[in-house]
1. Please state which one of Arg183, Arg214 is open to solvent by 90 Å² or more (accessible area, probe 1.4 Å), under 19 Å from Val84 (Cα atoms) and within 16 Å of the ligand (Cβ to nearest atom).
2. Restricting region 42-68 to residues that are part of a helix (DSSP H, G or I) and among the charged types (D, E, K, R), which is nearest to the ligand (Cβ to nearest atom)?
3. Which one of these does Ala223 not meet: (1) farther than 20 Å from Ser72 by Cβ; (2) among the hydrophobic types (A, V, I, L, M, F, W, C); (3) near the ligand (Cβ under 9 Å from one of its atoms); (4) surrounded by 13 or more Cβ atoms within 10 Å (Cβ to Cβ)?
4. In the set Ala168, Ala161, Ala201, which member is within 12 Å of the ligand (Cβ to nearest atom), at pLDDT 95 or above and open to solvent by less than 40 Å² (accessible area, probe 1.4 Å)?
5. Does Ala34 satisfy being assigned to a helix (DSSP H, G or I) and either loosely packed, with under 12 Cβ neighbours inside 10 Å or touching a Lys or Arg at 6+ places or on another chain (Cβ under 8 Å) (or both)?
6. Taking into account only those residues within region 104-125 that are near the ligand (Cβ under 10 Å from one of its atoms) and either exposed (fewer than 12 other Cβ atoms within 10 Å of the Cβ) or under 19 Å from Asp45 (Cα atoms) (or both), which is farthest from the chain's Cα centre (by Cα)?
7. Restricted to region 188-198, and to residues that are touching a residue at least 60 places away in the same chain (Cβ under 8 Å) and either within 12 Å of the ligand (Cβ to nearest atom) or assigned to a loop (DSSP other than H, G, I, E, B) (or both), which residue is surrounded by the most Cβ atoms within 10 Å (Cβ to Cβ)?
8. Any residue in region 13-20 that is under 16 Å from Ala171 (Cβ atoms), among the small types (Gly, Ala, Ser) and either within 16 Å of the ligand (Cβ to nearest atom) or outside any loop (DSSP other than H, G, I, E, B) (or both)?
Amino acid sequence: MSSVQPTSIDPEMTADEAERELSPVAAFSPEERAAVYRAIYERRDVRNEFLDTVVPQDVLRRILDAAHHAPSVGLMQPWNFIVVRDSAKRVAVHAAFERAAAAEEQIMPADRRAHYRSLKLQGILRAPLNICVTCDRSRRGATGLGRTQQPDTDLLSTACAVQNLWLAARAEGIGMGWVSILRDADLREILNIPPEIAIVAYLCAGYVDQSYLRPELEVRRWATRLPLDELLFEDDWGRKPDTP
Ligand SMILES: Cc1cc2nc3c(=O)[nH]c(=O)nc-3n(C[C@H](O)[C@H](O)[C@H](O)COP(=O)(O)O)c2cc1C
């Protein structure tokens, strides 16, 4: 049973009433547009460059509210945000990361293990803020608008919230890193997350004064960004557009 119940809504609204709520829309000004694209291109997964500076409560609230304005299937808003401040819990999460990373290293091809080990893949203890983002899969009932054929859209909605959080954080000068090298059961136990709640993301965040211009995994020669044109099809799977 979901802990957050939907508010009751009068379903009698007419189409006219809805249309009265429409307001004009235009493209952003060039400067506004540049700021949006800057946030997108300069957002990085940050693991190591966190400063000790405390993130003020109003700034934290702003970026969490940006996350809360993400799109969600059927306006389900299935997310919760657990801000993890307790140092004992963070030490426990870090230990869980160490165990999970050791296990992941073992399943890497032998010639990549040393490279894997050399990568910094989390900032759990270094970042002043840790945030766990969860998905309450029954918040609006077992099924709901948009989830009948695609039940995982609640998880996808929660990932949209994470992306909003990440972009808003970048705009505030806050770096953020996503740590998925964690066993679900470990996080669940440390943060007392009930079995019916899905864990979507464990994030480390804090102010930064330097950052990479391209993905750190690219800088450290683990992987490279694929060319967009290789990923772009038209009309049929695998069919390249005549003009990109
Ligand atoms: C779902 C998800 C899980 C991720 N898990 C980790 C992780 O466990 N450790 C890590 O260092 N980076 C993790 N990342 C960050 C990616 O490595 C990073 O986004 C990618 O290399 C591109 O770099 P950029 O985000 O700086 O553009 C994760 C990203 C996503 C979207």
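The values are calculated or read from the model by the stated rules, or taken from the named source; none is laboratory data. In this text, all values refer to a predicted model and were calculated from it rather than measured experimentally. Every residue, glycine as well, gets a Cβ built from its backbone with ideal geometry; the counts of neighbours run over all protein chains shown. All accessible areas refer to the heavy atoms of the entire protein, side chains included, with ligands and DNA or RNA removed. Shrake-Rupley method; radii C 1.70, N 1.55, O 1.52, S 1.80 Å.
1. Values: Arg214 fails: under 19 Å from Val84 (Cα atoms).
It is Arg183.
2. Keep residues of region 42-68 that are part of a helix (DSSP H, G or I), which gives 42, 57-68.
Applying the additional criterion that residues be among the charged types (D, E, K, R) yields 42, 58, 61-62, 65.
Working: Glu42: 9, Asp58: 26, Arg61: 24, Arg62: 21, Asp65: 21 Å.
Only one residue fits best here, namely Glu42.
3. Unmet condition: (4).
4. Values: Ala168 fails: within 12 Å of the ligand (Cβ to nearest atom); Ala161 fails: within 12 Å of the ligand (Cβ to nearest atom).
Of Ala168, Ala161, Ala201, the one residue that is within 12 Å of the ligand (Cβ to nearest atom), at pLDDT 95 or above and open to solvent by less than 40 Å² (accessible area, probe 1.4 Å) is Ala201.
5. Details: assigned to a helix (DSSP H, G or I): yes; either loosely packed, with under 12 Cβ neighbours inside 10 Å or touching a Lys or Arg at 6+ places or on another chain (Cβ under 8 Å) (or both): yes.
Criteria met by Ala34.
6. Step one: filter region 104-125 for residues near the ligand (Cβ under 10 Å from one of its atoms), giving 104, 119-123.
Still in the running and either exposed (fewer than 12 other Cβ atoms within 10 Å of the Cβ) or under 19 Å from Asp45 (Cα atoms) (or both): 119-123.
Working: Leu119: 21, Lys120: 19, Leu121: 16, Gln122: 15, Gly123: 15 Å.
Per the criteria, the residue is Leu119.
7. Selected residue: Ile193.
8. Within region 13-20, the subset under 16 Å from Ala171 (Cβ atoms) is none.
Taking every residue of region 13-20 in turn, none turns out to be under 16 Å from Ala171 (Cβ atoms), among the small types (Gly, Ala, Ser) and either within 16 Å of the ligand (Cβ to nearest atom) or outside any loop (DSSP other than H, G, I, E, B) (or both).
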